[in-house]
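To start, the structure under review is shown below, and the notes come after it.
The values are calculated or read from the model by the stated rules, or taken from the named source; none is laboratory data. Given the structure is predicted, the values throughout are model-derived calculations rather than measurements. Every residue, glycine among them, receives a Cβ derived from its backbone with ideal geometry; neighbour counts consider all protein chains shown. Only protein heavy atoms, including side chains, enter the accessible area calculation; ligands, DNA and RNA are left aside. Shrake-Rupley method; radii C 1.70, N 1.55, O 1.52, S 1.80 Å.
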Amino acid sequence: MTPRRFLPAAIAFTLALPAYGYPEFQQFVKKNSGRGTNCAMCHVHPDGPEGLKPGQIGSLSTEELNQLNRARAAFEPGQNAHNPILNAFGDSIINTLGKTKFLQIRLHPEELPEALGDTSDLDRDGIPDSKEYIAGTHPLDDSSGEPASLFLINLRRYAFHLVMMVVATGAGLYGLNAMLHWFDLLMSSGRDKDASEK
Amino acid sequence: MVNSFFFIGLPYIAVFSLVAGSIYRFKSERFSYSALSSQFLESKKLLWGSVLWHAGIMIIFVGHLIPFLLPGLWQSLTSQPAFVVAVEVLGVAAAFTALVGLVVLFVRRILSRHIQSVTTPVDLVVLALLIVQILIGIQTAAGHRWGSMWSVQTTTPYLWSVLTLQPDLIHVDSLPPTVKLHIAVAWIIIMLVPFSRLVHAFSLPIQYLWRAPQQVIWTNARRIRHIAPVIRKAEESRRLFLKGALGLGTAGGLLTVGVMDKLVRFFSGPNMTPEEQAALLQKRLERLEMTAEERDLELERMRNDYIFVANLKELSPKDGKYFIDYQMRPALAYRDTTGLPLLISAKCTHLGCTVASSVDASGRILCPCHISYFDLKTGMPQPGSPATKPLPLLGWALMDTQGNILVSQAPDGRREGEVPADKLEASMVYIAKRYEETV
Amino acid sequence: MGSERMNAVGAFLRDRLPLSHFSYEEMVGKKLVPVHRMSWGYYFGGLVLFFFLVQLGTGVMLLFYYQPTVSDAHASVEYITKHVGGGALIRNLHAWASSCMIFCLFVHLLTTFAMKAFEKPREITWISGVILLMVTFGFGFTGYLLPWHQIAVNATKVGLQSIEEAGQYMPGALADFPRYVKELIQGEAAVGQATLSRFYALHVVILPLLTFATLGLHVLMVQLHGMSQGVDHPTGKTERFFPFFLLKDFSLWGLVFLAVITLALCLPFESLFAYPLFEPFDPLGSTPEGIKPEWYFFFLYYPLELLPFWVVMLAMNAGIVLLLAVPWIFRRSSRRTLSMIAAAAALYLVTMTLFGDAIYTFFKGVPG
């Protein structure tokens, strides 16, 4: 769909309606983690599913709308339905829990991590999706994560590089130190020479 | 048959020659159990040649020894691509260093008449063989890449099979000719060790690293007394310099390898699957479309006197609808309690953030950046908010479906025309260019 | 009379520009570095230089993939981080090293002030240093915009808006002048493509050239004049600049590089912020919470949020003038006094940087 074609529609509807997804989760995460979050944790668009921007319902083609309806009817877990307004994390929640369980848990958003388990790590940053949810970081962005855990995980991941760098630095410092003493010796022998010549 | 000779017969001949020849030479001419020093004959070329050669060959020797002695450890290390690159680069650099040193030594032996007196033909043969061997080694590294990885499955088991007296050709049979040649020449050199100056390698060359460097000089008692302190200082100085050069060389080498690894990967561009490429392209296209949409809005505002905002019946008093005003700033459209449109700028007068669209219980809208509350009706900020200026209200015009203006209102509230109660629900809200100029 | 004046001017210039020292012997060979309890302060200038070199290297590399257009900037930065081999490391190194550079610059400024390194005849060194400080802030401000994400564009908007705010204190026709300046900087009525192009040109061409020139002068002056004595009562101990001080400098560079590259490899700079801030800028969508400038502008940002605008504006302008006039204002101050002033300034900077948010919350009742 080209922008020009849907431009009149864009003006006819809203440009950015408030989100009508399930904001209970976002509210819980924000309160729990103290971090600013938005709908993009589970949805395609950061302003939520309503609207005309890419990833919002107003922008979907007929085929995508059918997909949306199929995904909305995925009441049992494990149906692998792709919902065009959800991102990979949103899809994985519905796939793990099923829509029925999800609608129940919606009233207790603090129970979502336990229901999800910690086996899935979609961005492969080493922090499971459920932990990222609690911490208010993005489960699909490997540069987003609790800084301390991310640092420790990466320390282990890049251990080889780090060891090589420590060796290089150590060798360099050793060499510079030896050079320092060498120059010292040269200077002192220079002074001896001056003294003896005088 | 040829293979059997070079890789089973020759190794045992070489080892026998090495052991027996060394013992014989050690017993018969004990003091010759070294390289006959030629330092006092010619020292400048010796320094460069010898240091380079020994530095290079020691690194290469260690590099050949570890995969042989500790294949398990080596295999786990070489599973790191960066390590393989580092080792190979270091190895080739060391090979070139050794080669340069060796060529200098070779030239020195040929050109200096003094030195020829302490040179045996075997020395020259061994020197030449060593040069050839290094060239083959470099060719192997370049032509059959990542020997540090494949050697563990090929040459290591072969050497162990020879060493445990169960020679097995299966590991070398399939190797390329260059590698086979490298192995064969190695056995020949080992065979010649006892008859050449290479024998000095057994007088524990490792101790060179710790002991104070010795200088070979013509001497007498008086001279020793005079120059002893000078020599001590010179020795100390040289040791410090070598330590420094070693440290800095290692650091520089590792740094170069690390930086080259990153640079090459950075500039060789991304490694993406077709799906990733498609996803990336789609994302970029969407961004372009968004930009195009924005430009479209801009052009529309330049050309038209009226811009459509919404159908009046879609507007609500509680939740605003964003639209873009003539200045390309975000604005919000509501329907006030009298049923008429209420248009207000959504660009916070404090620092220009976009004001949120929902109206709270006391009829205020909020700018989330620095928590400024604005009264929706008047646009006035709540006292104490960071914003001090009111959000400007915008003028509007209501049109019927035929495009006739029913009623319009300027930003200051002046109204033109009468509100037609019957046509209100079907009317459409527009912003007008003529009102923008008064803002 | 006239010739006396001429001589005075000549003597003034000769003191400030001791070009007779322009030789290897004077500038490197015989140069001495005093040894005393404040000697650690001598290393920070070198560290700033080191980080500048890191920025230069990583910056040039980023230049190969970055695209300065509003539709492509964010995508190209994402491309560097996610797809280019080692791109995340390079970009992260650029981010971390910029912060380290500014931190070292603050320390360098405060220690040289406390050690009275601006004392006659080193005025040119000091003033070129102040200019370098401004240029570095310019680097920070312009570079912040380039990734074109929410925090980048919105924080830039906030920063530029404060220029316009000055208009309300100007009389009559001048009231529009600050807005004019703002639009001159951003190139159009709102922050957009023109702003991005301008900031890009500033960040990658103009500011680097300015830095080369000023830094050249700064380092030349440091080498011509030699190190300042640094304390009121010199210990008399010195060490040679070459090779001893220089080798120690390099050792420190090595250690610092290890620390920074470990950070750059293991801790994405962006993980310290909330993720919505790094989404592409959307001029029509909502602004996420937590829009703030980089930490090194907090000392200016929080007062700007808390105090009346004119107070901060006045203080800032006075601060710049004060900074430039330091060599003359504090001509007769002892280093003890200077140290106390520097400590007070350091306390202010640390408080505002670490606890600015808490102070803001305390006074305003909501997090900044």
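Taking each residue in B:292-300, count the Cβ atoms of any other chain within 10 Å of its Cβ, then average. What number comes out?
Shielding by partners across B:292-300 averages 4.
Could you report the buried accessible area between B and C, both sides summed, computed with a 1.4 Å probe and given in Å² to the nearest 100?
3100 Å²
Provide a whole-number value for the mean count of partner chain Cβ atoms within 10 Å of the Cβ atoms in peptide B:249-259.
Mean partner-chain Cβ count within 10 Å for B:249-259: 5.
Just order B:161-168, C:254-261 by mean Cβ neighbour count inside 10 Å, highest at the front, would you?
C:254-261, B:161-168
Report the label-to-label distance for residue A:121 and residue B:264 in nanometres (one decimal), using points 7 Å from each Cα along the Cα→Cβ vector.
2.9 nm
Please sort by residue number the chymotrypsin sites (Phe, Trp or Tyr not before Pro) in region B:283-365 whose DSSP state is loop and whose Cβ has at most 10 other Cβ atoms within 10 Å.
Filter output for region B:283-365: empty list.
Which residue, C:359, C:29, C:136, has the largest displacement toward the positive end of the dipole of chain C when charges sit on each Cβ (Lys, Arg +1; Asp, Glu -1)?
The one lying farthest along the dipole's positive direction is C:29.
How much accessible area is lost when chains A and B come together, counting both sides, with a 1.4 Å probe, in Å² rounded to the nearest 100?
Its buried surface, counting both partners, is about 2900 Å².
Please compute the net charge surrounding residue C:40, taking Lys and Arg as +1 and Asp and Glu as -1 over other residues with Cβ under 14 Å from its Cβ.
Net charge in that neighbourhood comes out at 0.
Please turn the phi angles of region B:22-28 into ³J(HN,Hα) values with the Karplus equation 6.51 cos²θ - 1.76 cosθ + 1.60 (θ = phi - 60°), one per residue in order, whole Hz, x for glycine and proline.
In residue order, the calculated couplings are 5, 4, 4, 5, 4, 6, 7 Hz.
Shape call for region C:66-217 from the C-alpha gyration tensor, a ≥ b ≥ c root eigenvalues: rounded (a/c under 1.5), prolate (a/b greater than b/c) or oblate?
oblate
In percent, what relative contact order does chain B have, based on Cα pairs under 8 Å that are 6 or more apart in sequence?
The normalised contact order for chain B reaches 12 percent.
For region B:302-317, which residues drop by 10 square angstrom or more in accessible area between the chain on its own and all protein chains together (1.4 Å probe)?
In region B:302-317, residues shielded by partner chains: B:308, B:314.
Roughly to the nearest percent, how much of the accessible area of the protein assembly as shown is carbon and sulfur, given a 1.4 Å probe?
After summing per-atom areas, the C and S share lands at 66 percent.
Per residue, how much accessible area does region B:304-436 have with a 1.4 Å probe, in Å²?
Computed with neighbouring chains in place, this is 41 Å² per residue.
Each residue of region C:249-265 in turn: what ³J(HN,Hα) in whole Hz from Karplus with 6.51, -1.76, 1.60 and θ = phi - 60°, glycine and Pro shown as x?
4, 5, 4, 4, 4, x, 4, 5, 5, 4, 4, 5, 6, 4, 4, 5, 7
Against the longest alpha carbon principal axis of chain C, how many degrees, from 0 to 90 and to the nearest 10, is the axis of helix C:150-165 turned?
Tilt relative to chain C: about 70 degrees.
To the nearest 10 degrees, how steeply does helix B:81-111 sit against the main Cα axis of chain B, on a 0 to 90 scale?
The two axes meet at around 40 degrees.
For chain C, what is the relative contact order in percent, using Cα pairs closer than 8 Å and at least 6 residues apart in sequence?
Dividing the mean separation by the residue count of chain C yields 28 percent.
Under 5 Å between amide hydrogens, which residues at least 5 positions from residue B:310 or on another chain qualify, with H placed 1.01 Å from N in the peptide plane?
Those qualifying (amide H under 5 Å, at least 5 residues apart or on another chain) are B:429.
Treating only the Cβ atoms of Lys and Arg (+1) and Asp and Glu (-1) as charged, compute the dipole magnitude of the protein assembly as shown about its Cα centre; round to the nearest 20 debye.
My answer is approximately 5180 debye.
Roughly how many Å² is the accessible area per residue of region C:11-64, as a whole number, for a 1.4 Å probe?
55 Å²
Using the Karplus equation 6.51 cos²θ - 1.76 cosθ + 1.60 (θ = phi - 60°), what ³J(HN,Hα) coupling, rounded to whole Hz, does each residue of region C:296-307 give in order, writing x for Gly and Pro?
6, 9, 4, 4, 9, 6, 5, x, 4, 7, 9, 9
Would you mind finding the longest exposed-site-free stretch of chain B, with exposed GluC sites (Glu not before Pro) meaning DSSP loop and at most 10 other Cβ atoms within 10 Å?
Free of exposed loop sites, the longest segment is B:30-417.
If you count, for every residue in A:37-46, the Cβ atoms of partner chains within 10 Å of its Cβ, what is the mean?
Taking the mean over all residues of the peptide, I get 3.
What is the helix-to-structure angle for C:123-145, meaning the angle in degrees between its Cα long axis and the longest Cα principal axis of chain C, kept from 0 to 90 and rounded to the nearest 10?
20 degrees
Is the shape of the protein assembly as shown rounded, prolate or oblate, going by the alpha carbon gyration tensor and its root eigenvalues a ≥ b ≥ c, with a/c under 1.5 for rounded and a/b larger than b/c for prolate?
Cα axes put the protein assembly as shown in the oblate bin.
For residue C:6 and residue C:333, what is the calculated FRET efficiency with R₀ set at 41 Å and r taken between the beta-carbons, to the nearest 0.05?
Once rounded, the FRET efficiency stands at 0.85.
In square angstrom and rounded to 100, what buried accessible area do you get between chains C and A, total over both, with the probe at 1.4 Å?
2800 Å²
Per-residue ellipticity at 222 nm for chain B, helices alone: DSSP H runs ≥ 4 residues times -39500 (n - 2.57), over residue total, nearest 500 deg cm²/dmol?
-17000 deg cm²/dmol
Which residues of region C:66-84 show a drop of at least 30 Å² in accessible area when all protein chains are present, compared with their chain alone (probe radius 1.4 Å, heavy atoms only, ligands and nucleic acids excluded)?
Buried on complex formation: C:71, C:72, C:75, C:78, C:79, C:82, C:83.
Over region B:2-211, with the other protein chains present, what is the accessible area per residue in square angstrom, probe 1.4 angstrom?
55 Å²
Amide H neighbours of residue A:75 under 5 Å, counting only residues 5+ apart in sequence or on other chains, H built in-plane at 1.01 Å?
A:99
Taking 0.36 nm per intervening residue step and subtracting the Cα-Cα distance, what contour gain separates residue B:434 from residue B:308 on full extension?
Going from the current span to full extension adds 43.9 nm.
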